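Asks: Structure provided below as structure tokens; questions to follow.
The values are calculated or read from the model by the stated rules, or taken from the named source; none is laboratory data. These numbers were taken from a predicted model, which means no experiment stands behind them. Counting neighbours? That spans all protein chains shown, and the Cβs are built from the backbone with ideal geometry, glycine included.
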Amino acid sequence: MKKRNETKAEVVLTGDRTTGKLHLGHYIGSLKNRVQMQHQYESFVMLADVQALTTHFNSPDQLRHHVRQITLDYLAAGIRPEKCTIFIQSLIPEIAELTVFYSMFVTVNTLRHNPTIKSEAKEKGYKDLYYGFLGYPISQAADITFCKATLVPVGEDQLPHIEQTRRIVRRFNQLYKPILTMPRALVGEVPRLVGLDGKAKMSKSLGNAIALDATFAQVQESLKGAVTDPARIRKSSPGYPEICPVFSYHQAFAAESADEIAQGCRFAKLGCVECKERVARRINELLDPMRATRAEYDARPSLVDDILQTGTAKARSVAKRTMQEVRDAMEISYF
Ligand code: TRP
């Protein structure tokens, strides 16, 4: 994690779209940071079911399932409900309200040029952009500002949205009253995990990810099928770890032995099969305690409901307070 000023109080918020369960890319990019930070700072994690609708409006019935699965992912990964407020986005109407207010001073061109919007639109094959989809960075600014978050642990692809949020905060504070706090992004040490197919990003929709709830055997199988340095056909030929996806997993999950692995690969002493087995073992060591915690919560659905309800109520009270300040600043509080 990046160095930070230990004495300064931060408010941490981040979230995930509830379109599918979380995978190792999420863990490395941001979840690991969140778990560490919850002990020091006021922390929120959000189940972004409204943002999920920007691409999944035609299958809202799926969201319920994913809200549950991601909550289990959080708890399994070590998010502790007594340390970190876990809440559901659609149950905080103030977020929708802030989105409307902020959208008055964000131009369509700014949104259209957002690199993440562009690449996601391309991935989805959108020719014309849905209004909600185009505007989701504004709604993300509302997510971040309702609790006056100062730190947002995210994967690298989210940086344009944090930048957009910062512009909204600056503008709002200039236009009305300086009540909003300026957030900063915090990207994980390994900002982006390469997919099992060697594509730039591990992503559920690309089918190249290892889920956080993967079984022991699934992890082994996934690695067996992972793409390696394509030029290395047999063990006796030297490899180039810097272009090998499996090597990047060693760096992410077994950093202390990565140099030794790189040497073994470069000097044709370590074969791909063994290299993959070694990293699969390390990933399984990471996931093992998560499997146990997940099973405990999975067996107690009413406890999980309780955690979500308590977290959402807390987030709501924070949101109400900010909303009142926003209305006062805009001079649209009437009675
Ligand atoms: N856009 C984020 C993603 O796709 C999810 C998200 C929604 C988020 N609201 C947020 C992340 C606020 C950080 C802060 O992963």
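Asks: Check whether at least one residue in the range 39-49 is at pLDDT 95 or above, under 17 Å from P183 (Cβ atoms) and part of a helix (DSSP H, G or I), and report yes or no.
Replies: Within the range 39-49, not a single residue is at pLDDT 95 or above, under 17 Å from P183 (Cβ atoms) and part of a helix (DSSP H, G or I).
Asks: Out of the helices (runs of 4 or more DSSP H) lying entirely within the range 89-205, which hold 1 or more residues that are within 12 Å of the ligand (Cβ to nearest atom) and under 20 Å from the mean Cα position of the chain (by Cα)?
Replies: The qualifying helices (runs of 4 or more DSSP H) are 93-103, 115-124, 131-134, 136-145, 159-175.
Asks: Additional query: I need the full set of residues from the range 4-34 which are among the hydrophobic types (A, V, I, L, M, F, W, C) and either at pLDDT 95 or above or under 10 Å from the mean Cα position of the chain (by Cα) (or both), in order please.
Replies: Restricting attention to the range 4-34, the residues satisfying the condition of being among the hydrophobic types (A, V, I, L, M, F, W, C) are 9, 11-13, 22, 24, 28, 31.
Passing the criteria: V11, V12, L13, L22, L24, I28, L31.
Asks: Look through the range 127-151, keep the residues that are among the hydroxyl-bearing types (S, T, Y) and crowded, with 24+ Cβ neighbours inside 10 Å, and return whichever of them is farthest from R112 (Cα to Cα).
Replies: It comes out as T145.
Asks: Another question, then. What number goes with the only condition from (1) among the β-branched types (V, I, T); (2) surrounded by fewer than 16 Cβ atoms within 10 Å (Cβ to Cβ); (3) touching a residue at least 12 places away in the same chain (Cβ under 8 Å) that T107 does not pass?
Replies: Going through the list (1) among the β-branched types (V, I, T); (2) surrounded by fewer than 16 Cβ atoms within 10 Å (Cβ to Cβ); (3) touching a residue at least 12 places away in the same chain (Cβ under 8 Å), T107 breaks only (3).
Asks: Something else: Starting from the range 157-180, take each residue that is more than 26 Å from R17 (Cα to Cα) and list its partners that are acidic (D, E) and more than 13 Å from the ligand (Cβ to nearest atom), counting only C-beta distances under 6 angstrom and pairs at least six apart or across chains.
Replies: I179/E325
Asks: Which one of these is out of contact with any Leu (no Cβ under 8 Å at 6 or more places or on another chain), surrounded by fewer than 19 Cβ atoms within 10 Å (Cβ to Cβ), of a type in the set (G, A, S) and within 22 Å of A280 (Cβ to Cβ): A217, A231?
Replies: A217
Asks: Cβ-Cβ distance below 6 Å, separation of 6 or more or different chains: which pairs start in the range 73-101 with a residue that is under 13 Å from E42 (Cα atoms) and end on one that is at pLDDT 95 or above and of a type in the set (G, A, S)?
Replies: As it stands, the answer is C84/S43; T85/G311; T85/A315; I86/G311, since those pairs meet every condition given.
Asks: In addition: So how many residues does the range 260-282 have that are within 31 Å of the chain's Cα centre (by Cα) and part of a loop (DSSP other than H, G, I, E, B)?
Replies: So the count comes out to 0.
Asks: Hey, another quick one. Would you point out which residue out of L75, L53 is more than 13 Å from the ligand (Cβ to nearest atom), outside any loop (DSSP other than H, G, I, E, B) and touching a Pro at 6+ places or on another chain (Cβ under 9 Å)? Steps first, please.
Replies: On the way: L53 fails: more than 13 Å from the ligand (Cβ to nearest atom).
Residue meeting the stated conditions: L75.
Asks: Please indicate, with yes or no, whether at least one residue in the range 283-296 is more than 22 Å from I70 (Cα to Cα), exposed (fewer than 13 other Cβ atoms within 10 Å of the Cβ) and within 24 Å of the chain's Cα centre (by Cα).
Replies: No, the conditions are met nowhere in the range 283-296.
Asks: With the condition kept exactly as written, say whether any residue in the range 66-76 is crowded, with 17+ Cβ neighbours inside 10 Å and more than 22 Å from A292 (Cα to Cα).
Replies: no
Asks: Is at least one residue of the range 28-39 away from the ligand (no atom under 14 Å from the Cβ) and in contact with a strand residue (DSSP E or B) (Cβ under 6 Å, 6 or more places away or on another chain)? Steps first, answer last, please.
Replies: Filtering the range 28-39 down to residues away from the ligand (no atom under 14 Å from the Cβ) leaves 32, 35-36, 38-39.
In the following step, the residues that additionally are in contact with a strand residue (DSSP E or B) (Cβ under 6 Å, 6 or more places away or on another chain) were identified as 38.
Within the range 28-39, one or more residues are away from the ligand (no atom under 14 Å from the Cβ) and in contact with a strand residue (DSSP E or B) (Cβ under 6 Å, 6 or more places away or on another chain).
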